[in-house]
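The values are calculated or read from the model by the stated rules, or taken from the named source; none is laboratory data. Computed from a predicted structure; not experimentally measured. Positions of Cβ are generated from backbone atoms using ideal geometry, with glycine treated the same way; all protein chains shown enter the neighbour counts. With ligands, DNA and RNA removed, areas are computed over all heavy atoms of the protein, side chains included. Shrake-Rupley method; radii C 1.70, N 1.55, O 1.52, S 1.80 Å.
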Amino acid sequence: MARKSKSNMSEQYLEENKDQIYENALAEIQSFELPLGTTLRSVYDDQPNAHQRFMEKLDACIRNHDREIEKMCNFHHQGFVDAITELLKVRADAEKLKVQVTDTNRRLQDAGKEVIAQTEEIIRCRVQQRNITTVVEKLQLCLPVLEMYSKLKEQMNVKRYYSALKTMEQLENLYLPRVSQYRFCQIMIENLPKLREEIKEISMSDLKDFLESIRKHSDRIGETAMKQAQQQKTFSTTLQKQNNVNYGRNMHLGRSRILESKNEITLKRTFEEDDEHEEEVLTAQDLVDFSPVYRCLHIYSVLGDGEIFENYYRKQRRKQARLVLQPQSSMHETVEGYRRYFSQIVGFFVVEDHILHVTQGLVTRTYTDELWNMALSKIIAVLRTHSSYCSDPDLVLELKNLIVVFADTLQGYGFPVNRLFDLLFEIRDQYNETLLKKWSGLFRDIFEADNYSPIPVANEEEYKIVISKFPFQDPELDKQSFPKKLPMSQSVPQIYIQVKEFIYASLKFSESLHRSSTEIDDMLRKSTNLLLTRTLSSCLQNLIKKPHIGLTELVQIIINTTHLEQACKYLEDFISNITNISQVTVHTARLYGLSTFKDARHAAEGEIYMKLNQKIDEFIQIADYDWTMSESDGRASGYLMDLINFLRSTFQVFTHLPGKVAQTACMSACQHLSTSLMQMLLDSELKQISMGAIQQFNLDVIQCELFASSEPVPGFQGDTLQLAFIDLRQLLDLFMVWDWSTYLADYGQATSKYLRVNPSTALTLLEKVHRGMRDSSKKNNIFAQFRKNDRDKQKLIETVVKQLRSLVNGLPFLTVLF
């Protein structure tokens, strides 16, 4: 339409000016001003009929001139005739000129065609230019809209959704209203809500991917956070260890130097590690791209759905928290299981803390506190359950260290962790139990490997090695020359060292629990008391009761427990040194090692007594008396001499025992021997005894009395040890002397010669002797008429038996003189 309008305007313009152009051209031709090229070119414009019209004008002009000429001719006829004559004269020239003009016109027409074509092209271009100008004006209004829409698409492609939403607002409020009449604008307006929904869906999808990503990377985030928290405490902790681990510097220089060297190495490593990590400190933002959360939050806020987003985010994070708090069933088997569990939890709450501080309203402190309290209850329940399965103290210790780092890390982010440290006290009791079990095995191994003989030292160097392990002091032994023997066996310094190692192990758990030195000292003493009173005591009791432990071993055990008891004060000093708590402190607990080792000694003493009695019983069992012998052999029985030699050699081993123990053992052995011999005489299976057997038995008792009088163990006063055989002696004297009248006459009197002889005992033995005599008389019946004395003796025996029975039954009797 614009192009057609422009063409009509051009034609009207040409029509209006054509007459003026032709008139001017005719005027120039009539003026005979040469050249005529410019005039003729103005005639041949882009109009197809311009030549014809010009010719018409030219003809009209000629006719006008002809009329004028005719008038002039009529007025100047003669002059006209003359002029005609002259004109005729130039006719030939005119013809010639006409031919030239015709040829020129032809050539001019040919040249004009190109001019016309170019003129038409110019007109067309001018129309196009005007149309272009109009289009440009309209495009200047549309281009910003298109550019903004293109920008919107580009932002969508590069996932700049928040900027895309801002661009949509500008399009809707500023640009689209200017060009709303165009159809493409309506399409844009219809697409904008769809784009908003698409942005919401994409941002939500990105958020879901983010949530899945942080769920997978929570352990790495937590591991990094825990490592940084641990590095912050490493330096101060190392310094504290260096100050507190001066363990008994004067008493144990060797070990202290080793510990100091280790502390220097540890401190050096700490500085090196701090320098290495000082340059690069990673945060949660360095490990995880949080832009999806920010983007989604901004998008939903701009769209007015911020509350929906907050509720969705919190709901999903609660679900993830429950998944994170759910441990693996085999978590308790390795420390890596616990480390992964703690790392995931720390990573979860580090992310939440970061979201709390970089966003407004998405996560609140109330929400995180509620989530943490829920998680803390679950964590404590999980740790209680899984830690109860741990039987390895090293694993429990590593678990404690992980809990401390875990608590310190989360405490650094503002989460309360007091309940975790309370849980550590529960785990500490379990740790002590696992330590006690472990040390019980160590003690058993030490006791199994011990040879239960004094420690031989060949030179000064070996002696110093021993006393560097165990605080032994004996001025008398120091005066002796090498080689010499220390009274305790090899297990004593080993037990002492293991007790100290137990204290070290117990101290490791007490570190980093945010407790005072007094509390740590109290915990160490309580755990050490448990080790001594329960574990070591139980091991000693079990050791003492083992069948293969003989008298020599029991004696050595008593000696060992004596030295271990004396070393308890050094253990108290040792604990005081590592905790820097003076023993004079009012609330300082004491070690109960004294009672432990006393109980062990009492048990060992009782076992010695029992072993001695068992050995005596073994010798008694091999006794082979001929109870019907007519006369004794004149010497003591072989089994008894072997028994006495055994007792003599055994009591020589008791020289290192405390005096009362050796004396009690010796007295107990003699009493048991006396009782066993008495029971042998009174055995119900033994029906008869000859006087020859009584004499043989008397010889054996005499050897026992000689042994008792030889003072096998020093310290007995007078005939104290011999009194163990007094019952046997008086009973045998009664039968050997046959002094029944004295016995019956003095019975019940304090001055009785046979005060220790019980009537029932005398009756039982007398009946056996009586039966022996009767059997002997029956065997020798041929000579019965020549043994009137034996018959009288049997009658007297019968009388004594009756009187003894009266004494046994509590009836009065008539004393008969024999």
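Here is a list: 100, 78. Which entry is polar (S, T, N, Q), under 26 Å from residue 29 (Cβ atoms), part of a helix (DSSP H, G or I) and open to solvent by 80 Å² or more (accessible area, probe 1.4 Å)? Even if it seems obvious, please write down each step before you answer.
Numbers: 78 fails: under 26 Å from residue 29 (Cβ atoms).
It is 100.
Looking at the structure I just gave you, is residue 693 without any contact (Cβ under 8 Å) to a residue 40 or more places away in the chain and open to solvent by less than 50 Å² (accessible area, probe 1.4 Å)? So that I can check it myself, show each step before the final result.
Details: without any contact (Cβ under 8 Å) to a residue 40 or more places away in the chain: no; open to solvent by less than 50 Å² (accessible area, probe 1.4 Å): yes.
Criteria not met by residue 693.
Residues of the range 349-389 being touching a Leu at 6+ places or on another chain (Cβ under 8 Å) and among the small types (Gly, Ala, Ser), which ones?
Matches in the range 349-389: 375, 387.
Is it the case that the range 467-478 has a residue that's within 30 Å of residue 403 (Cα to Cα) and either of a type outside the set (Ser, Thr, Tyr) or not assigned by the TED database to the domain that holds residue 597 (or both)? Outline the logic, then answer.
Restricting attention to the range 467-478, the residues satisfying the condition of being within 30 Å of residue 403 (Cα to Cα) are none.
No, the conditions are met nowhere in the range 467-478.
Here is a list: 451, 432. Which entry is part of a loop (DSSP other than H, G, I, E, B) and of a type outside the set (Asp, Glu)? I'd like the intermediate steps shown before the answer.
Details: 432 fails: part of a loop (DSSP other than H, G, I, E, B).
Just one listed residue meets the conditions, 451.
Of all residues in the range 290-309, how many are in contact with a Phe, Trp or Tyr (Cβ under 7 Å, 6 or more places away or on another chain) and either open to solvent by 60 Å² or more (accessible area, probe 1.4 Å) or of a type in the set (Gly, Ala, Ser) (or both)?
3
How about the range 454-486: which of its residues are over 29 Å from residue 507 (Cβ atoms) and assigned to a helix (DSSP H, G or I)?
460, 461, 462, 463, 475, 476, 477, 478, 479
Can you pull out the residues in the range 501-543 that are open to solvent by 10 Å² or more (accessible area, probe 1.4 Å) and either assigned to a loop (DSSP other than H, G, I, E, B) or touching a strand residue (DSSP E or B) at 6+ places or on another chain (Cβ under 6 Å) (or both)?
511, 512, 514, 515, 516
For the range 381-413, name all the residues that are over 14 Å from the mean Cα position of the chain (by Cα) and among the β-branched types (Val, Ile, Thr).
Passing the criteria: only 385.
Among the residues of the range 544-557, are any more than 30 Å from residue 614 (Cα to Cα), outside any helix (DSSP H, G or I), basic (Lys, Arg) and free of Cβ contacts under 8 Å to residues at least 60 places away in the same chain?
We begin by selecting, within the range 544-557, every residue more than 30 Å from residue 614 (Cα to Cα); these are none.
No: the range 544-557 contains no residue that is more than 30 Å from residue 614 (Cα to Cα), outside any helix (DSSP H, G or I), basic (Lys, Arg) and free of Cβ contacts under 8 Å to residues at least 60 places away in the same chain.
Consider the range 117-140. How many of its residues are hydrophobic (A, V, I, L, M, F, W, C) and within 21 Å of residue 182 (Cβ to Cβ)? Working first, answer last.
Going residue by residue through the range 117-140, those that are hydrophobic (A, V, I, L, M, F, W, C) are 117, 122-123, 125, 127, 132, 135-136, 139.
From what's left, within 21 Å of residue 182 (Cβ to Cβ): 132, 135-136, 139.
Of the residues in that region, 4 qualify.
Under the condition of being crowded, with 21+ Cβ neighbours inside 10 Å and among the aliphatic types (A, V, I, L, M), which residue from the range 487-500 is nearest to the chain's Cα centre (by Cα)?
499
Looking for something modelled with pLDDT of 80 or more, crowded, with 19+ Cβ neighbours inside 10 Å, closer than 30 Å to residue 400 by Cα and not hydrophobic (A, V, I, L, M, F, W, C) - is there at least one such residue anywhere in the range 195-208?
no
Hey, any hits in the range 127-149 for a residue that's out of contact with any Leu (no Cβ under 6 Å at 6 or more places or on another chain), assigned to a helix (DSSP H, G or I) and closer than 29 Å to residue 350 by Cβ?
So far as the range 127-149 goes, no, none of its residues is out of contact with any Leu (no Cβ under 6 Å at 6 or more places or on another chain), assigned to a helix (DSSP H, G or I) and closer than 29 Å to residue 350 by Cβ.
Pull up the range 778-807, narrow it to residues that are at pLDDT 60 or above and among the polar types (S, T, N, Q), then point me to the one that is surrounded by the fewest Cβ atoms within 10 Å (Cβ to Cβ).
By that ranking, first place goes to 789.
Among (1) surrounded by 15 or more Cβ atoms within 10 Å (Cβ to Cβ); (2) free of Cβ contacts under 8 Å to residues at least 60 places away in the same chain, which single condition is residue 618 missing?
Residue 618 satisfies every listed condition except (1).
Determine whether the range 365-377 contains at least one residue that is over 30 Å from residue 292 (Cα atoms) and at pLDDT 85 or above. First the steps, then the outcome.
If we filter the range 365-377 for residues that are over 30 Å from residue 292 (Cα atoms), which is where we start, we get 377.
Filter once more, so that each one left must be at pLDDT 85 or above: 377.
So far as the range 365-377 goes, yes, one or more of its residues are over 30 Å from residue 292 (Cα atoms) and at pLDDT 85 or above.
What is the number of the single condition among (1) open to solvent by less than 50 Å² (accessible area, probe 1.4 Å); (2) assigned to a helix (DSSP H, G or I); (3) under 22 Å from residue 213 (Cβ atoms) that residue 312 does not meet?
Status for residue 312: all satisfied but (1).
Just checking, does the range 649-667 include any residue being buried (at least 19 other Cβ atoms within 10 Å of the Cβ) and over 60 Å from the mean Cα position of the chain (by Cα)?
Residues of the range 649-667 buried (at least 19 other Cβ atoms within 10 Å of the Cβ): 650-651, 654, 657, 661-663, 665-666.
Within this subset, residues satisfying the condition of being over 60 Å from the mean Cα position of the chain (by Cα) are none.
Scanning the range 649-667, I find no residue that is buried (at least 19 other Cβ atoms within 10 Å of the Cβ) and over 60 Å from the mean Cα position of the chain (by Cα), so the answer is no.
When residue 159 is evaluated against the numbered criteria (1) assigned to a helix (DSSP H, G or I); (2) open to solvent by 80 Å² or more (accessible area, probe 1.4 Å); (3) touching a residue at least 12 places away in the same chain (Cβ under 8 Å), which criterion, by number, is the only one it fails?
The single condition residue 159 does not satisfy is (1).
Could you check the range 406-425 and list, in sequence order, the residues that are in contact with a helix residue (DSSP H, G or I) (Cβ under 7 Å, 6 or more places away or on another chain) and under 30 Å from residue 440 (Cβ atoms)?
Result: 420, 421, 423, 424.
So which of 746, 727 ends up being modelled with pLDDT of 85 or more and closer than 30 Å to residue 669 by Cβ? Lay out the reasoning, then the answer.
On the way: 746 fails: closer than 30 Å to residue 669 by Cβ.
Among 746, 727, only 727 is modelled with pLDDT of 85 or more and closer than 30 Å to residue 669 by Cβ.
Test residue 410 against the stated conditions and say whether it is of a type in the set (A, V, I, L, M), part of a helix (DSSP H, G or I), surrounded by 21 or more Cβ atoms within 10 Å (Cβ to Cβ) and modelled with pLDDT of 85 or more.
yes
Can you name every residue in the range 318-352 that is in a helix (DSSP H, G or I), surrounded by fewer than 20 Cβ atoms within 10 Å (Cβ to Cβ) and in contact (Cβ under 8 Å) with a residue 60 or more places away in the chain?
320, 323, 335, 340
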